[in-house]
Structures are given as structure tokens and as C-alpha cells.
Amino acid sequence: MSRRSTRFRPAFILGALALPVTALATDAARNFRASVEPLLAKYCLDCHGGGIRKGGVSLDELGSDAEVVRRHDVWFAVLKNVRAGLMPPLEDGAARPTPAEIDTLSRWIKYEAFGIDPLDPDPGRVAPRRLNRVEYRNTIRDLMGHDFNSEVEFPPDDSGNGFDNNGEVLTISPLLLEKYLAAAEAIVEKAVPKVGRVVRERVASGREFRAEGGGGTGDQLNARRAMTVSRNFTVEQADRYQVIMELETRGTFDFDGSRCRLIGRIDGEEKFNELVVWSERRPLRREFEVEWQPGRKTISFEVVPLPSVGEGAAAEARPQSAPGPTSVTMRVNSVTVRGPLSERHWIAPENHGRFFPGPLVGADLGERDRRAAELLRAFATRAFRRPVDDSTVERLGFIARQVYAQPGRTFEEGVGRAMMAVLASPRFLFRVEESDPAAPSGPYAPLDEWSLASRLSYFLWSSMPDEELFALAGRGELRRNLRAQVDRMVRDPKAQGLVRNFTGQWLQARDVESIPINARVVLGPGARPNRDGRVEFDGVFRRLMRAETEAYFEHVLREDRSLLELVDSDYAFLNARLAEHYGVPGVEGDELRKVTLPPGSPRGGVITQGTVLAVTSNPTRTSPVKRGVFILDNILGTPPPPAPPDVPDLEEARKEFQGREPKLSEMLAAHRSNKLCHSCHSRMDPLGLALENFNALGGWRDTDARQPIDPAGMLITGERFADVRELKRVIARERAADVYRCFTEKLFTYALGRGVEHFDSHTIEAITRRLLDGGGKASIALLGIIESPAFQRRRAAPAGQALSMAPPPVP
Amino acid sequence: MKKPSFPVVARASDAAVTRRRFLRGVGACLSLPLFETALRGAPAAAGGGPGLATTSTGAPLRMAFVYFPNGAHQDNWWPTGEGAGFQLGRTMEPLAPLKGSIQVLGGLDHKNATAGNDGAGDHARANATFLTGERARKTDSTDIRVGISVDQVVAQRLGDVTRFPSLELSCDAVRKSGRCDSGYSCAYQYNLSWASPGTPVAPEPNPRLVFERLFGSGAPGERQRNLELRQRTQKSLLDFVLDDAKALQRQLGGRDRDKLDEYLTGVREIERRIARTERFGALPQPGMETPVGIPSDYGEHMDLMYDLLALSFETDSTRVATLLLAGDGSNKAYPQIGIPEGHHYCSHHRNDADLMDKIARIDRYYMERFARFLGRLEAKKDVDGRSVLHNSMIVYGCGNSDGNRHTHHNLPIVLAGAGGGTLNPGRHVRLGGQPMSNLFLGMIDRMGVNGVTRIGDSSGRIAGV
């Protein structure tokens, strides 16, 4: 047993990694003493030194010099807090570190403590990623031309670091594998034809059968109304044809005496004549074979009402054909015309060319084997997203042959069976990456172009690469054409994959479709009912909100706008219903479109969209705390630590109000006065309270519980704002670097399927810097991530590992 | 290939280490029951022994674990009085007709769900620790790890006794996006069952899919044939995917191989399932129509899942099951009982009388559904003439005790059923502060699984349940 789990030998790993950087580490320790320690003494040690451990952090008890340098967790936290201006805390009269001092500290942390080589940083470990439900569905769509509803058939995926495309947590259980096998079978059954040629089939629905003069259709016939409905079919060949008529008659539970005759005709010739009386649902199916010459053929159905039975004198008096309510109804479900029936006229079934391009394969086994190998090589190459070796093709061919070599089984059935094997293979279900074989040996290596094509396509499309990406990767030209390809991919409609899945999780826009919000309670007694006459947060409105957030992000992405417009802008994507909800006048119609907002409108930017405001609310009321946390976590990138386990009883605070029901903001103020709560709540509450002008459905309000709302506040970094409009402006202007960094980190996490690690600090900072210098254009973040070593490279595989699919030598 | 030799593994969480190593070594020998070997410390034949999951009368013995979220309102939960002369509280009133078939257990703790050095995240830990007794590694993604859960310890040993070693069900079909609880991966909050310390067993939320898995798909007359056809097709694919997985595993290094271990375990399980199907013959008749999908009403969803769980026991399709009604921290609203606020919001009632009343009503709503399920099991006669409930051990509980303060001692636990006569129901038992895992250990013994000396933080077995 040569390979053992290394997970339980952390000491060994650390030792191995530390060896080549010993010299560096010594420098790092020296520089720590010379330039970092004095800064810590000046700004930090009052609270985090000399035995004082505020927040459980002490910076003068980190051990020996060598140990100090290795405390990546501590330095990563220091870096995040200092660059966001959270530490040292803003206090009257306290000295602030200068930009130069912050630079000294962060440079030491990044390049010495972390030892990041800006030209060759650690690209991190990207675990083999199982396709998640969305990626599976999209990949099947692009590979098979079939829509498989994975959201119903597969259990939900777990997520990590806020996204469900995280390789570490995308596990595979026996149940899931069982489902993958069943799905492979079901998909091939549905998508891949089983024969080479079939009789042409035309199916017309009942609705296509119309009465002359437009008085009715074949799906709505009843026993009291005389009517003839018909439809024409044009045939080109003189041959035999088959006509299949599928109808049904039905009555409701209560007896109804209406009766009629139902007559079916082909070109005027009566083919059946049935008495229809009240009954439960009864299918009526008739098949006829006809000899037809080329030309137009008419198929018709006629209803001839008869006198009713069992209705007494009143009904007797009624004329036979008087239209009246009756539950005796009939409908034409479908009429199928099959033919020409002679084999020489047969045609290729739907999708045959997609899976079996080229001439029809005969019965000769040798020919079948050759063609199967050819088709399966091409199919497996696309499905596995990289070329496959001969042994794979042979093994697939074997599966196909086992089927098509049997008497009565077709070539297509055999190849289809092998395709099932491809769809159940771990090489389809997992994205396994490889290094460029031409790369020089070293700890990190460039991805090979096939892996790069998949990283790009799953990032931007949530799906497999297309022919163009495959072709470039095959020629080794993808890297050289990277920018042009990214540009093309962002313009492609499939980029909706990124828009939908990234905003769905980053902004939690997905959740608006399911979050429990009670519209009756939120809107109060004066609320206007919707089209169904109910006061509710209905599905249509929820999806509309989600579509708004997606359209907004898509605009910033495709038009390459500044990322700051995600926070603050003078436009929104609205239709009449949303505009009315938001109080924006002059928007008509159902279509969602870009609308320039009136001056002073609080809308514009994601923070004041219905999605964000709803998903951060409780079912009956807003939650300023949740909203504050949302902005800190997802817009500013400075999430507060989670609440301590034992939150003090607010009943104590309630006593201050002497029986009066305090406002939510007063309760929160009482909360902040508690020392334990203060440090975090003074960061989140002002942000959340600034949004108190929006109810739990995102509608505007001036009062809450008849009390005026006071949205004014201050960021923890000192910037003041009077209301939400100013808050957005302050964030976009004063905290732009935080916004850029936060967005970059979220997109980076999504792109790579792993969390941001300390060794990514240089990459993230460099992109943030470029965004600051380049007007925040979305493409800077997108390309910055795609061109970063983290995206382009990988930790090289351990030496001596076999890449071929051949079995290993027997020891 | 040398035969690996292992010591008797005492801690369930170590089993996967040896399993993984074992798997790598074994390679092609997939027909061997790997977990079992690792757990028993000696090679075992596939299939269960005679004493496995069987009562003294020869009837099947089952175990199930049902999780409700966010703790219970303490004053309304706990009965008054001890022993057989106890009075049910407001929450448990729906259990009154079944009082003789349940034990209310007080004083069981999950100390590994407490904050310890890990800080916030009590909901994630409550969920992750509940059936594992282990401390969840605090991570948002990298190297998720807790321990093997009690149901899986038993399921992996029961192997081929029934068509399915275990069932994992959930009524939580829609998940929150973004981050879950306080730096813990969502995997901890949405899974109860863990096949190995790093591999959760994703539960099935869709009643239709549960039904079709148990009883086949298609019209009632076609199900047997559909299953046979499907399994024949699957058999023809397994060699290929197995070779692929093994080749990939050689290609990958380090922890990446774990992913392929999971896949290989899955292939092996399917092979065994096909073998079982052939051995068990005709599919059982459920006497129930195929459910359409997930009902929009949460109460109906719970009832349907309970029905399927009951059916799986009544037809002896499995003897081990878990049902996650909702992940801990769930903020579902209950308009059907007049509570529009979210559950999690209400659970942090801060001693507000209105919220405390609401949380008690939610607790009771859950209890009504559970009582209905127990009633069904009580009414169903087993092969030995006793009720299915008599021949079961059903744990109903939560990994949080007081949802307001996030405590993990004195957990709200009901143990229903008589375990085939090995339990002594009809009592309120105060156990005075011992690990919940001790209860699990006793249940593992009763299931006839030998050689497990510890699970999670267990310190022994509980006397007198």
C-alpha cells in the first residue's frame, strides 16, 4: 500500500513546505522586528498586547520569530481589518496609521509572512468538482439537446463559502450515484433515436381542428351544439397512410341527459359514427389505413345533437340544437397521420443527425464497429471535455456491440447504451483538471487547455465548452485568444448561467422565490389585492423581482459598466408592476426594461431592490440586523463575527421603556449600549436602519408602527449619511476599494469553486487596484480573475503519477 | 495483494480512515463489504447474520431518527412527574393515546454541539452532532468533517438484511443561498446522516422519488419489469464506470482521491442492491398511489414522508431511517396554524409571552405530525402479532434544547417503541446528564451489531431505558 492519507499528518506537510523557504523566513523575521513590530506597538498592542486580548487576539504572544511568521491565520485577519479601516478602531483623538504605514504592514504580511511570489503565487487546491444540479442540467442541454429537470430529480447540492459549485462540499452518495445512473438511462432514452429510419409522423392537436367560420375548435365539443371541425393534411407521395384518431368523451359527476352522435370522416367519407351519452371519462381511439394520392386531405369531426333523455317536459320542449350548458363534452386529443408507409419513403427520426451524422449504418458488424468507434470517440471527447484514449473507445465499443450484435437490436440502440455509460462515468460527472504536459516541472503548473476551456465555460456559462472552445483547445490556441473568447462568451446568451447563478447566490436572489413573507401582515389592512384577488407575495411577483436583479447585473456585466453602479445608480430595470411597487411613475407594460429614475429616487443599485430587501427580512417584519449583516458581508466584504452564543436578555432593556412598546430602533439602541453587543452592532445596525424606509417586501414607507423612521447614521469608518440615498453614495464614493475587493472575492470564489485563501491576497489586491485605476469596469474584475495564476494554474500533481487510463503495473 | 490487518476500531470516526486506505489497497475487489471489514476488524461475509436487526420473536427490529429544528419551548415540552406516573405537557398532548408506547428522556446532552473553542454556529452544530456525537470541524468548505452517524454505523453493518440498508429523508427541499450558520458549511445543516466523517448522505425531499425507489416506477403492474430492465441496463454499464473511476483515482493525488472513493462506494452499493433485488424477488406492494411530488403545504409534506417511512418499515424494505423535518435554524412560517412569523425568529423569544406561545404551538404542530405517524405504526400488525411500533426504536428530537439560548444539554428527546420488548416505554425518565451518544450505543447493541464500543462522545451505555 504505497499511498496513505496525508490528512492526519499536518506536521509533516508543514515541514516539507517550510524547507525551501527557510532563508526567506529568516528575512521575514528580521523585517518583522525592524518595521512591523514598531507599528504594532504604536497602534495595536494597547488592546492586543501586554496581557490584554481584546476579541481573543494577542499580537505579542505569537511565539518565536519563526512562529510569528508562520501565523498566517493571525496575519490574514490583521490584513483584512487594517485595509478595511476597521482596525485600529476609530476613536476620538487616537492616532491613525498613515497610508505608508499600512502599506509597510500589508506588504510584509503578503510577501514575507505569506511568502507570496507575485509572479508565481500558490494557485491553491481546486478539488475535482462534481457537476452541481444546474451545471448538470445545462451540460445535458448542450451535449444532448435535451432538457432534464435535475432540480426535481436530484437532491439539492450542499454549498461552501456561499456557493454551490464548491468542489470540497460537492460530495457523491450512493443515492446520488443511483440517480446519475437512472438519469443517464432516462436521458438517452428520451434524446437518442433507437432506429435509423422511421415512418414520417404528423401529429395535430385538437385545437388545430377548427369549425368553418371560426366558431369553435376540436378540443371543446359538446353534445348540445351542432358543429363540424376539420383540418387539412397535404401529402406528397402516392402510398398507404395510417390515420390515428384519439378522442375522449366525458361528463361530470352529476347525471346529464344530453346525447349526440359523433361522426369522424376522412375526405368526406364516414369512418365512424358513435352515440355519445353521459358517462365518466371514456377514451375513443380509431385507426384507419388509407391509400392516398398526392394532394390535400381533410379530416373532420361532426357533432349531431339528439333529444335528451330523462330531463322531463322542460327539456323535451327545447329544440335539439339549442346550445345550453351540458357536462357531456368531447375533445379531439390528437390526430396522427403516419406515412407514407412504404419503407423506401421512411425518414430519419428527430435528432438522428445530431447523434449519428453521416450515412445510415447497415447490418454488417464490421461496419457497425468502425462507425460506433468513430461516433463514440467524438461523443466521449465532448462529454469528458477532453480527448479520450483508444482503450476508452474500445471499452465503449464493447458495450455498444453487446447490444447491436444481438438479433433484432439496432446499431442506434447499441451506441445509445454506450452513451449511457459515458453519462454515468466519473469523467463526465466530475471536472478533473490536468496540467499542461509541456510545462516545466515545479510546484505549480499551467492548466492544460482542455481544463482551461472547462474552467471558462463553467464559470461564464455554467455549462460545458462549445465547439469553438474545444477547437481552440485542440489546437493549443485558447490561451493565445483568451480575451477574444471571454468577450465572445460574455455576449453569448449562455452567459445567463453566470448572471443567474452568481447573483442567485451572492445576492441570494434565488431565495426570493421561496422566502416566507406574509404580505397581509407586512402591507396591513389597506393593501390592494393582486389579480387573483388576494393579498400575497405571489410567485409571479417573486420571479419578477429576481428577474430585475438579474437584468441589472447583466447590464453592468455586458455593457461593462462600473461595479459601483451595483451600489448606486440613476437607473433600474422595471415593468409596470415593479414600478408601481417602487413608486416610480410612468412605466407601462409587462416588459422589464431599463428606466431612468426620477431625481431623488431611493432606487438604483442592488441594495434597494426587492430581492435583497425581502431575503433579509423576517416573514412579518424587516430585520435591520440581517440587512446590516448583508451589506457588510456582500457589499463591503467585512462580515461581522457571528453573535455570541448567549445573547443577553432584552427584557432587561425593555424595562427602560416603562411599559411602553419600544420601536425596533430603540430596542437596537438599547442593544448597542450593552458592551458585549456594541462592537458589532454599531457596525451593522446603522446600515440596516438606513433601510428601514423599506418594508419586508421592499416597498417604501415613511413610518413604522406609526412612528417616523430615522434612517440617519454613520459607518464604522466614520462616514455620515442622512438616509439611504446618501448611504449608497457614501459607500460608492468613500468605500469603493472595499466594494471592488468584496465583489472580486465573491466572483473569485464562484469562478474557482474554492474559498479565498491568504495566499490569494496579492491577486485580489492587484485586481482591486486595477479597478480603482480603471473606473471599476466589470471586465477588469472578470478578466483579472480569468487571467490570474489562480485561474490559469494549478498545484502540480505529485511526481510519478500515471495519466494514462492503462492499469498500473502489478507490483 | 496482502490482506490488510486492522485493530478492532473503537471509534466510528476512524473507520473511514481505514476504509479509505483499505479501498485504495483493495482496488478491484469491490465485492467485499468494506465498511464492515473495517468496523469488525475481521473479514465478514456479505449479508447480515441471524441476530441482526431482529427481535427475540424473530420479527424485524427497526430504528429511525426524526429531527425537528430549533429546540423546544422548555416549559411546555417537559412532562411533570417521573416514571410511569407522568403527565404530558402541552406540547406532547397529541401523544396521549400513545403514552404507553413512548419514553420521554430527560438529561441527555450533546457537549460536542456546544461552542467549545469554535464560537458561534449552534444551529449547524446541533444538526451535525445530533446523530454523530462528534464535534463538527468549523469550516466553510475545506475538509468538512464530523463523524459517522449512528444510523450509518448500523446500516453499514446490516448490509443485505433488507432491500435498502437505510433511508435518508428530508422535508427541507429548498435551501437558503449564500452562507449557512456562522462559518459552517451548509452540509452540516442539511444532513443528519454521515456515511464517513467527510461524506454526508444527502437526504431525499421528493416523496415521488422516495416512493419510486422503494416500490418501483410506472404503473403498478409494470414496476417489477421496469426495475429488472433498469437493473439489467445498469449492470451493463457498471464495469465501464468502475474502470473509469479506478483509473481516475490513480491519476489523482491526496484528498482528491476521496471524491473517487465516494464514487466507488456508490458503485459497490449499486452492485449489492442489484444482487439484493435478485435475491428478494418481487417488489413489495405499497397499497398507496405514487405521490405526485412535493406538496406545497408543509404539513402535508411531513405526513407524506412519515407515511413513506412507515411503509418502508411495514414492507420491511429497510430497518434504518432518518428524517430531517427541517434543518436547524429553519425560519419557516406556519400560516396554516396562524403563525406568520418565522420559526427561528420565534425561537429567540427573549421571554416575550407572545413569541413563547407561538414557539410552543409550532412545537406542538410538529408533535401532532409525529403522533399521527406513531399511531399508524401502532395500528399495523407485525409478523409476530405485535405492532410495528412495538418492534421499533424511534428517536424524535433536536440537537438544540432551548432554542432561545442555544443550549445543548437536557435535549428534548422522545424514544418511541419498545425495541421488540427490549425497551421499557410508558415513562418519563430523567437520566441526569449523560451523553446522548450513550443512548445510541445501546441502540446499536439492540440492533445486534457487535463490536462497537464507542460512538461520538459516548462514555457507556444507559441503564434503564
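The values are calculated or read from the model by the stated rules, or taken from the named source; none is laboratory data. A quick note: this is a predicted structure, and the numbers were derived from the prediction, not measured. Please note: Cβ atoms are built from the backbone with ideal geometry, for glycine as well, and neighbour counts cover all protein chains shown. What goes into the accessible areas is simple: the full protein's heavy atoms, side chains included, and nothing from ligands, DNA or RNA. Shrake-Rupley method; radii C 1.70, N 1.55, O 1.52, S 1.80 Å.
Please compute the alpha carbon radius of gyration of the stretch A:466-598, then divide it by the globular-protein estimate 2.2 N^0.38 Å. Two decimals is fine.
Ratio of Cα Rg to 2.2 N^0.38 Å: 1.36.
Based only on Cα atoms, what mean projected area does the convex hull of the stretch B:180-312 have, in nm²?
Value for the stretch B:180-312: 10.8 nm².
Using only C-alpha positions, report the orientation-averaged shadow area of the convex hull of the stretch A:327-381, nm², one decimal.
Across all orientations, the stretch A:327-381 yields a mean hull projection of 7.4 nm².
Can you give me the relative contact order of chain A as a percent, contacts being Cα pairs under 8 Å and 6 or more apart?
13
Report the accessible surface area buried between chains B and A, summing both sides, using a 1.4 Å probe on protein heavy atoms only, in Å² rounded to the nearest 100.
Adding both sides of the contact gives about 7300 Å².
Given the rule -39500 (n - 2.57) for each run of at least 4 DSSP H residues, summed and divided by the residues of the protein assembly as shown, what is its mean residue ellipticity at 222 nm, to the nearest 500 deg cm²/dmol?
Dividing the helical sum by the residues of the protein assembly as shown leaves -11500 deg cm²/dmol.
Using only the alpha carbons, work out the radius of gyration and Dmax of the stretch A:556-617 in angstrom.
11.7, 31
Projected onto the charge dipole of chain A (+1 at Lys/Arg Cβ, -1 at Asp/Glu Cβ, origin at the Cα centre), which of A:429, A:490, A:526 gives the Cα projection farthest towards the positive end?
A:429
Take the cross-link list A:110/B:246; A:594/A:746; A:42/B:111; B:259/B:332; A:179/B:358 and give me the ones stretching past 31 Å between alpha-carbons.
Distance filter (> 31 Å) returns A:110/B:246; A:42/B:111; B:259/B:332; A:179/B:358.
Among rounded, prolate and oblate, which fits the stretch A:321-455 when a ≥ b ≥ c are the square roots of the eigenvalues of its C-alpha gyration tensor, a/c under 1.5 means rounded, and a/b larger than b/c means prolate?
Cα axes put the stretch A:321-455 in the oblate bin.
What are the ³J(HN,Hα) couplings of the stretch B:129-138, residue after residue, when phi is run through the Karplus curve with 6.51, -1.76, 1.60 and θ = phi - 60°? Round to Hz, x for glycine and proline.
7, 3, 9, 9, x, 9, 8, 6, 5, 7
Hey, rough spin-label estimate for residue A:591 and residue A:263, points 7 angstrom out along Cα→Cβ, what's it come to in nanometres?
Going from the residue A:591 label point to the residue A:263 one covers 4.9 nm.
Against the longest alpha carbon principal axis of chain A, how many degrees, from 0 to 90 and to the nearest 10, is the axis of helix A:133-144 turned?
Here the helix axis deviates by roughly 50 degrees.
I need the per residue convex hull volume for the stretch B:231-300, using only the alpha carbons, in cubic angstrom as a whole number.
Spread over its residues, the Cα hull of the stretch B:231-300 gives 160 Å³ apiece.
Dividing the convex hull volume of the alpha carbon atoms of the stretch A:518-592 by its residue count, what do you get in Å³ per residue?
Hull volume normalised by residue count: 113 Å³.
Bins of 5 Å, beginning at zero and ending with the bin holding the largest distance: percent of Cα pairs per bin for the stretch B:398-465, please.
3, 16, 24, 24, 19, 10, 3, 1
Can you report the principal axis dimensions of the stretch B:102-232 using only the alpha carbons, biggest first, rounded to whole angstrom?
Computed over the stretch B:102-232, the largest-to-smallest principal extents equal 57, 37, 28 Å.
Assuming 1.002 mPa s and 20 °C, estimate D for the stretch A:17-131 with Stokes-Einstein, Rh taken as the Kirkwood radius over Cα pairs, in µm²/s.
Value of D from the Cα-based Kirkwood radius: 139 µm²/s.
Indicate the residues belonging to the stretch A:164-209 that lose 40 Å² or more of solvent-accessible heavy-atom surface (probe 1.4 Å) upon moving from the chain alone to the assembly of all protein chains, ignoring ligands and nucleic acids.
A:168, A:169, A:171, A:172, A:173, A:174, A:175, A:177, A:178, A:181, A:185
Would you mind counting up the charge near residue B:208? Only other residues with Cβ under 12 Å from its Cβ, with Lys and Arg at +1 and Asp and Glu at -1.
-3
When we measure straight from the Cα of residue A:190, which aspartates and glutamates land under 14 angstrom away, once same-chain ones fewer than 8 places off are left out?
A:147, A:350, A:412, A:413
Hey, what did the stretch A:28-113 get for relative contact order, percent, Cα under 8 Å, at least 6 apart?
38 percent.
For residue B:413, list long-range residues whose amide hydrogen, built 1.01 Å from N in the peptide plane, is under 5 Å from its own amide hydrogen.
Long-range HN contacts for residue B:413: B:105.
Could you give the distance between the Cα centres of the stretch B:358-373 and the stretch B:119-154, to the whole Å?
26
Using only the Cα atoms of the stretch A:145-213, what semi-axes does the equivalent ellipsoid have when each is the square root of 5 times a gyration tensor eigenvalue? Give whole Å, largest first.
40, 19, 10
Which of the residues in the stretch A:112-155 show a loss of at least 50 Å² in accessible area from their chain by itself to the complete set of protein chains, at a probe of 1.4 Å?
Residues of the stretch A:112-155 that lose at least 50 Å² of accessible area once the other chains are added: A:125, A:128.
Report, to two decimal places, the Cα Rg of the stretch B:333-374 normalised by 2.2 N^0.38 Å (N = number of residues).
The value comes to 1.18.
Over the Cα atoms of the stretch A:147-270, what radius of gyration and what Dmax do you get, in Å?
24.9, 70
Amide H to amide H, which residues 5 or more places from residue B:194 or on other chains are under 5 Å from it, using H placed in the peptide plane?
B:149, B:152, B:201
Over its Cα atoms, what ratio of radius of gyration to 2.2 N^0.38 Å does the stretch B:323-430 give?
1.25
Determine, at each q value in 0.06, 0.07 (inverse angstroms), the log₁₀ of I(q)/I(0) that the Debye formula gives when each Cα of the protein assembly as shown is one equal point scatterer.
These q points yield log10 I(q)/I(0) values of -0.61, -0.83.
Any idea how far the Cα center of the stretch A:443-514 sits from the one of the stretch A:101-116, in Å?
33
Give me the orientation-averaged projected area of the Cα convex hull of the stretch A:392-464, in nm², one decimal.
6.6
Using a 1.4 angstrom probe on the protein heavy atoms only, could you order B:289, B:300 from most to least accessible area?
Largest accessible area first, the residues go B:289, B:300.
Over chain A, with the other protein chains present, what is the accessible area per residue in square angstrom, probe 1.4 angstrom?
45
Would you work out if the stretch B:242-359 is rounded, prolate or oblate? Take a ≥ b ≥ c from the square roots of the eigenvalues of the alpha-carbon gyration tensor; rounded if a/c is under 1.5, else prolate when a/b is larger than b/c, oblate otherwise.
oblate
With Rg and the Kirkwood Rh both taken from Cα atoms, where does Rg over Rh land for chain B?
In chain B, Rg relative to Rh is 0.95.
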